[in-house]
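Here's the structure, in structure tokens; my notes come after.
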Amino acid sequence: MSPLPHFFHTLIIGAGAAGMMAAARIGQRGFSVALLDHAVKIGEKIRISGGGRCNFTNRHLDGGDASPYYVSQQPRFVRHALSRFSAQDFVQLVEAHGIAYHEKHKGQLFCSGSAQEIIAMLQEECRKGGVSWHTGCRIDAVCALPEQADGARFEIRSSSGLFCCRNLITATGGLAVPAIGATAFGYELAKQFGHSIITPEAALVPLRFENWTESGLAALSGIALPVCIRTGSGKTAAAFDEDLLFRHKGLSGPAVLQISSYWQPGNSITVDFAPDTDLAAALCHGKSGQKIQLNTAIRQLCPHLPERLLDCWLAQPAFAPYAAHKWADVPNTLLQQLGRSLNEWTLLPSGSDGHKKAEATRGGVNVKEIHPKTMESRLRPGLYFIGEVMDITGWLGGYNFQWAWSSAVCAADAVS
Ligand SMILES: Cc1cc2nc3c(=O)[nH]c(=O)nc-3n(C[C@H](O)[C@H](O)[C@H](O)COP(=O)(O)OP(=O)(O)OC[C@H]3O[C@@H](n4cnc5c(N)ncnc54)[C@H](O)[C@@H]3O)c2cc1C
């Protein structure tokens with residue numbers, strides 16, 4: 001005889017940021033709720049986030065339309081949830097727990113101590129709600145039940161036993177960093193219930209380029225500088241003013257992580273090293289009567305560009321013969337070419353570092369099939385999706401965690 005299943009009003013698969021937030025809220029309203037997670041150690045993504053300080057939200061989300069900060073086939077989907085439970089609402093929770101925080105830049109709020117404090121806060125909220133925990137729990141099967149007298153609509157077979165529940169919330173996140181427990185489980189579950197998946201791809205990820213070492217760019221490894229970076233055109237155009245970091249294998253830093261969420265294979269990216277100056281014009285118009293060398297001129301026009309980068313730039317075959325020439329003697333065609341190369345450095349990425357090194361996943365469960373106010377499936381009553389498993393990817397800067405908190409609150413309020 002098979003054992004009787006444990007009944008819960010709500011079962012949540014995935015005890016990460018969104019799962020814990022939802023569980024705490026449902027439990028505190030007096031409903032029975034359990035969190036199932038295959039990982040033994042909970043909240044690992046929170047622990048490693050923001051360099052160990054967890055950039056838990058962003059102040060820019062308070063006030064206007066939040067959709068420009070999210071990449072999705074339907075970015076407007078985020079609007080309701082992010083106004084229902086705002087960045088300020090999460091800040092109030094953080095303050096209520098006495099967690100010290102500070103704003104870094106561009107509205108980004110970080111713990112002043114450690115990301116562990118956010119995990120402890122969520123665990124404490126879950127404890128107050130009497131949430132049941134099943135960690136190290138392998139999910140073997142999920143099936144829908146015919147409507148039953150006790151209201152159970154789903155049955156879950158797992159290594160921790162048999163469960164049934166009225167509401168099933170999928171909070172299994174995206175594919176970033178499989179080493180700490182990311183899986184495609186949420187997508188498979190969604191497909192099982194008829195949902196479509198927007199192809200998941202690595203986002204907020206360093207980019208790679210062919211012949212990087214051969215072209216001498218690997219030698220620039222370690223250089224960081226502010227740039228404007230762009231990709232796409234028309235409706236798919238994206239641009240960010242952020243810091244760029246040269247690496248041995250390609251480019252990284254906030255500029256590249258941000259643009260990677262918009263970059264499509266086959267498309268180029270363009271880097272502007274001097275966004276405030278039209279260097280072609282400045283070099284041509286300023287040269288008259290100038291006795292200084294071209295390399296000195298460019299240093300004067302772009303004092304923020306690191307020496308190592310400029311040396312490498314001027315060592316390119318097109319510019320090297322003129323680098324030590326008097327500025328006034330350099331032909332305008334060459335000056336224009338040099339200026340444009342620094343204002344519009346165009347590169348064709350060959351790929352990215354992939355899910356292993358990504359901070360997020362773009363794509364996921366198609367939000368057209370989810371109610372934006374409740375996060376409930378439009379195809380299967382009682383089935384919910386929250387957090388990163390959906391086709392919602394935030395910018396770098398606390399936007400992904402805020403999506404996890406806000407979508408969790410919407411689902412929690414809907415089931416309770
Ligand atoms: C290195 C790094 C740094 C980051 N820094 C920031 C930051 O500072 N600010 C920010 O806003 N965002 C940051 N992010 C993104 C942020 O961590 C995620 O967007 C957020 O954690 C998503 O929350 P979630 O609850 O949807 O998924 P997760 O927090 O990933 O939780 C998913 C849970 O589901 C569990 N799970 C997965 N598969 C299964 C399965 N088959 N069975 C059972 N359980 C399963 C996992 O073990 C995990 O506990 C960072 C991400 C990374 C990788």
Of (1) away from the ligand (no atom under 16 Å from the Cβ); (2) in contact with a Pro (Cβ under 9 Å, 6 or more places away or on another chain); (3) not in a strand (DSSP E or B), ASP241 satisfies all except one. Which? (3)
For the stretch 56-93, give me the residue count where each residue is at pLDDT 95 or above, charged (D, E, K, R), within 16 Å of the ligand (Cβ to nearest atom) and over 30 Å from HIS134 (Cβ atoms). 1
Could you list, in sequence order, the residues of the stretch 161-188 that are assigned to a helix (DSSP H, G or I), surrounded by fewer than 23 Cβ atoms within 10 Å (Cβ to Cβ), within 9 Å of the ligand (Cβ to nearest atom) and touching a residue at least 40 places away in the same chain (Cβ under 8 Å)? ILE180, PHE185
Would you mind stating whether ARG53 is near the ligand (Cβ under 10 Å from one of its atoms), open to solvent by 60 Å² or more (accessible area, probe 1.4 Å) and out of contact with any helix residue (DSSP H, G or I) (no Cβ under 8 Å at 6 or more places or on another chain)? yes
Among the residues of the stretch 363-379, how many are on the phi < 0 side of the Ramachandran plot and touching a strand residue (DSSP E or B) at 6+ places or on another chain (Cβ under 7 Å)? 8
Say whether the condition of being farther than 30 Å from HIS304 by Cα and within 14 Å of the ligand (Cβ to nearest atom) is met by at least one residue in the stretch 145-157. yes
Tell me, please, whether a residue that is more than 21 Å from ALA219 (Cα to Cα) and either part of a loop (DSSP other than H, G, I, E, B) or touching an Asp or Glu at 6+ places or on another chain (Cβ under 9 Å) (or both) can be found in the stretch 306-323. yes
Looking at the structure I just gave you, is ALA324 surrounded by fewer than 24 Cβ atoms within 10 Å (Cβ to Cβ) and of a type in the set (A, V, I, L, M, F, W, C)? yes
Tally up the residues in the stretch 189-211 that are more than 10 Å from the ligand (Cβ to nearest atom), open to solvent by less than 40 Å² (accessible area, probe 1.4 Å) and over 18 Å from the mean Cα position of the chain (by Cα), please. 4
Of everything in the stretch 267-299 that's of a type in the set (Gly, Ala, Ser) and open to solvent by 40 Å² or more (accessible area, probe 1.4 Å), which residue is nearest to PHE209 (Cα to Cα)? SER268
Is it the case that ILE13 is within 8 Å of the ligand (Cβ to nearest atom), under 23 Å from GLU201 (Cβ atoms) and open to solvent by 70 Å² or more (accessible area, probe 1.4 Å)? no
Flagged in the stretch 189-237 as without any contact (Cβ under 8 Å) to a residue 24 or more places away in the chain and among the hydrophobic types (A, V, I, L, M, F, W, C), in numbering order, are ALA237
Given the condition open to solvent by 40 Å² or more (accessible area, probe 1.4 Å), farther than 25 Å from VAL33 by Cα and among the hydroxyl-bearing types (Ser, Thr, Tyr), answer yes or no: does some residue in the stretch 106-129 qualify? yes
In the stretch 336-416, which strands (runs of 3 or more DSSP E) lie fully inside it and hold 1 or more residues that are modelled with pLDDT of 95 or more and within 16 Å of the ligand (Cβ to nearest atom)? 360-365, 383-385
For the stretch 115-160, the count of residues that are free of Cβ contacts under 8 Å to residues at least 24 places away in the same chain, in a strand (DSSP E or B) and among the aliphatic types (A, V, I, L, M) equals 1
Based on this model, can you work out whether ILE42 counts as within 8 Å of the ligand (Cβ to nearest atom) and open to solvent by 50 Å² or more (accessible area, probe 1.4 Å)? no
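The values are calculated or read from the model by the stated rules, or taken from the named source; none is laboratory data. Worth saying up front: this structure is predicted, and the values here are computed from it rather than measured. FYI the Cβ positions are ideal-geometry reconstructions off the backbone, even for glycines, and counts take in every protein chain you see. Surface accessibility is based on the protein's heavy atoms, side chains included, excluding ligands, DNA and RNA. Shrake-Rupley method; radii C 1.70, N 1.55, O 1.52, S 1.80 Å.
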